[in-house]
Amino acid sequence: MAPARAEGEAPSGVRLAWEPGAGTETCLTQAELERLVDVELERAVFVKDEAAAARVIRVRLDRNERGEFRALVTSESAGGDGAAPRPPAAPREVTARECREIDEPLALVVALLADADEAPPGPPVETKNEPPPPPKPEPPPEKPDEIQPLGPVTTAPAWEAAQRDARFRYEADVAGATGLGVLPHVGAGAEVGFLAEPPTLPGFRLRVLGLVSQPAEPVPGATVSFAYVMSGLSVCPNVARFARVTLRFCLGADLGALYARSEGLEDSQATTEFFGQVDLALRGALKLGNGVFGMLGVGVVLPTHVDTFVYRQGDETIEIFQMAFMPFLATAGVAYEFL
């Protein structure tokens, strides 16, 4: 609630006008910017009542032709009754490659303008024909000032606390998957993933993927069916952004399992082999609108242990399947972003 002022008192507050453009839905909000400026100046800065505002700080947030996020900040007169007209300040521009990288410099620029706008020049003082006051007695000579050691200086005393209040970004995705080298034939299946991206750190992605393929036939009339399942956690920093397209590189560690079941052999059985693996992937996201993205991912996995499945018939050993040293995986699907 804006503070009340006496009737006839000229407005002296500062109001924030927030104008976000298309493609800035995941950037900071007006409430977050106001909170960061309050923390920066260590006091409540903005008024909500237009009648109480003498100045307006206008922030236009959009994306330029190079895909960068740009904030244009201007300070102008509110134009209300009783507001002392002052020339508008020169526009200031803040740009950043990533959406959340603009938070700190934008808050600093707005805080400087708000601090200057809250101290308008006062009305001229009327002079009266009064006799000059008697001269003051000379003060005693002061002792030399002692040199004090300088301590560390910070321009943002509570920026870390403000960053803790910034928003996380969350994304869930589902995709079809295919793989080469993890099963006897080309595998097909599905992947489900969940990504959490802190404001100042790379995203962390948890995923589960499963594949099946046509069974292998070691001898006529006998088959061995295989299934591959893996789950793991990856670190996925952004590596490039082009307008509506974002590219991420993911590096993770997984737990994999390879299930095999034989039929038609003398000693038909089922077995499951577990192993660890490292995965490397490049993931692209195309923004479709309303928080929906088209997703495409390609990558490889490096198993820490490669098993060989064989069938022994008398003195003869027949190799059924051995996983490749570096299997290839690809996924294509959709993702939904929510806050």
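Quick look at the numbers
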| quantity | calculated |
| --- | --- |
| Per-pair calculated FRET efficiency, R0 = 35 Å: PHE204 and ASP267 via Cβ, rounded to 0.05 | 0.20 |
| Spin-label model distance (nm) - GLU19 vs ARG66, 7 Å beyond Cα toward Cβ | 2.3 nm |
| Gap separating the Cα centres of region 289-339 and region 161-220, nearest whole Å | 11 Å |
| Linear extension gain, ALA44 paired with SER77, 0.36 nm per residue minus alpha-carbon span | 9.9 nm |
| Loop-located GluC sites (Glu not before Pro) in region 261-317, at most 14 other Cβ atoms within 10 Å (DSSP) | GLU266 |
| Length gained when the stretch ALA253-THR95 is fully extended (0.36 nm per residue, less Cα-Cα span) | 53.4 nm |
| Peptides 318-327, 303-312 ordered by average Cβ neighbours within 10 Å, highest first | 318-327, 303-312 |
| For GLY21, distant residues with modelled amide H under 5 Å away | LEU61, ASP62 |
| In Hz, Karplus ³J(HN,Hα) per residue of region 280-288 (6.51, -1.76, 1.60; θ = phi - 60°; x = Gly, Pro) | 10, 8, 10, 10, x, 10, 10, 6, 9 |
| Theoretical gain in end-to-end length, THR304 to ALA188 [0.36 nm per residue, Cα-Cα removed] | 39.5 nm |
| FRET E, pair ARG167, ASN238, Förster distance 25 Å, beta-carbon r, rounded to 0.05 | 0.90 |
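Values quoted throughout were computed directly from the atomic coordinates according to the rules given, and no laboratory measurement underlies them. Note that the structure is predicted; figures quoted are calculated from it, not measured. All Cβ positions, even for glycine, are placed from backbone atoms using ideal geometry, and neighbour counts span all protein chains on display.
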